[in-house]
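Every read-out reported here was derived from the displayed coordinates using simple, explicitly stated rules and does not represent laboratory data. Model, not experiment: these values are computed from the prediction. A quick note on method: Cβ atoms are made from the backbone with ideal geometry, for glycine too, and the neighbour counts reach across all protein chains shown.
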Amino acid sequence: MTDRVPQLVLGSTSPFRKALLEKLGLAFSIASPDIDETSSAGETPQDLVTRLAEEKARAVAADHPDSLVIGSDQVACNEGHIQGKPGDRDNAIRQLEAASGKIVIFYTGLCLLNTGTGNSQVVCEPFHVHFRALTRDQIERYLDAEEPYNCPGSFKSEALGISLFKRLEGDDPNALIGLPLIRLIEFLGNEGVQVP
């Protein structure tokens with residue numbers, strides 16, 4: 001039996017998740033998961049993000065024996081409709097116009113997979129974003145400033161996107177950015193890794 005601490009691996013190439021994980025002060029490496037992120041018929045947003053978070057962790061697990069692999073996925077839901085990353089300005093305008101004056105729920109799936117034991121901890125963290133009533137001009141000025149085309153919901157809450165909101169509601173503000181650190185710290189503790 002060894003007291004060696006398993007290597008920590010982030011199964012994501014997201015710069016936002018990398019920056020969040022760096023806040024914990026733990027050494028980690030990054031691996032790119034290659035999975036199909038298409039939702040299955042009848043799959044709820046919560047089921048989708050937890051399934052994808054675990055699939056991302058498992059996709060990089062084979063190359064990282066005796067490691068703790070983190071997988072995460074996120075979707076935005078507006079009135080029951082899943083909104084992914086907009087990809088371009090026109091889609092971002094549509095997403096933000098549809099969100100104006102409404103509550104958009106962000107579901108973030110998190111998985112911590114111990115590749116040495118096979119133990120997998122998985123959770124879905126919801127976060128409610130209450131949008132202000134937005135004009136087309138406000139939306140376009142925001143998009144000009146930040147170009148958040150690779151972000152679900154078409155904004156960056158950690159930057160100027162905060163100007164679009166009336167209120168934020170959830171257990172962990174990091175979940176909105178894409179990695180629920182409070183729950184991750186709990187999962188790591190279950191695996192014997194203490195933060196700090």
Kindly provide the pair-distance distribution of segment 21-97 built from C-alpha pairs, with 10 Å bins from 0 and whole-percent values in order of increasing distance.
16, 37, 32, 15, 1
Determine the percent antiparallel among the DSSP beta bridges restricted to the chain, to the nearest 5.
85 percent
Value at 222 nm in deg cm²/dmol, rounded to 500, when DSSP H runs of n ≥ 4 in the chain each add -39,500 (n - 2.57):
-9500 deg cm²/dmol
Restricting to lysines 8 or more places apart or on different chains, can you count the pairs in the chain with Cα atoms under 27 Å from each other?
15
Mind listing the phi-derived Karplus ³J(HN,Hα) values for segment 10-23, rounded to whole Hz, using 6.51, -1.76 and 1.60 with θ = phi - 60°, and x for any glycine or proline?
8, x, 6, 9, 5, x, 6, 5, 4, 5, 5, 5, 4, 4
Can you find, among Pro15, Ser120, Phe187, the residue farthest towards the positive end of the dipole of the chain? Put +1 on the C-beta of Lys and Arg, -1 on that of Asp and Glu.
Pro15
Cα-only radius of gyration and Dmax that characterise the chain, units Å
17.3, 63
Cβ charges +1 (Lys, Arg) and -1 (Asp, Glu), total dipole of segment 1-64, debye:
320 debye
Treat every Asp and Glu Cβ in segment 5-159 as -1 and every Lys and Arg Cβ as +1, leave all other atoms uncharged, and give the resulting dipole magnitude about the Cα centre to the nearest 20 debye.
340 debye
Relative contact order, percent, the chain [alpha-carbon distance under 8 Å, six or more residues apart]
22 percent
Mind listing the long-range amide H neighbours of Leu26? Cut-off is under 5 Å, sequence gap 5 or more, other chains count too, H placed in the peptide plane at 1.01 Å from N.
none
³J(HN,Hα) across segment 38-45 via Karplus (A = 6.51, B = -1.76, C = 1.60, θ = phi - 60°), whole Hz, x for Gly/Pro?
5, 6, 8, 4, x, 6, 6, x
Going toward the positive end of the dipole of the chain, with +1 on Lys and Arg Cβ and -1 on Asp and Glu Cβ, which of Gln83, Leu134, Ile30 do you reach last?
Leu134
The set of residues whose placed amide H lies less than 5 Å from the amide H of Leu8, leaving out same-chain residues fewer than 5 positions away, is Ser29, Leu68
Once the convex hull of the C-alpha atoms of segment 87-196 is built, how many Å³ does it hold per residue, rounded to a whole number?
109 Å³
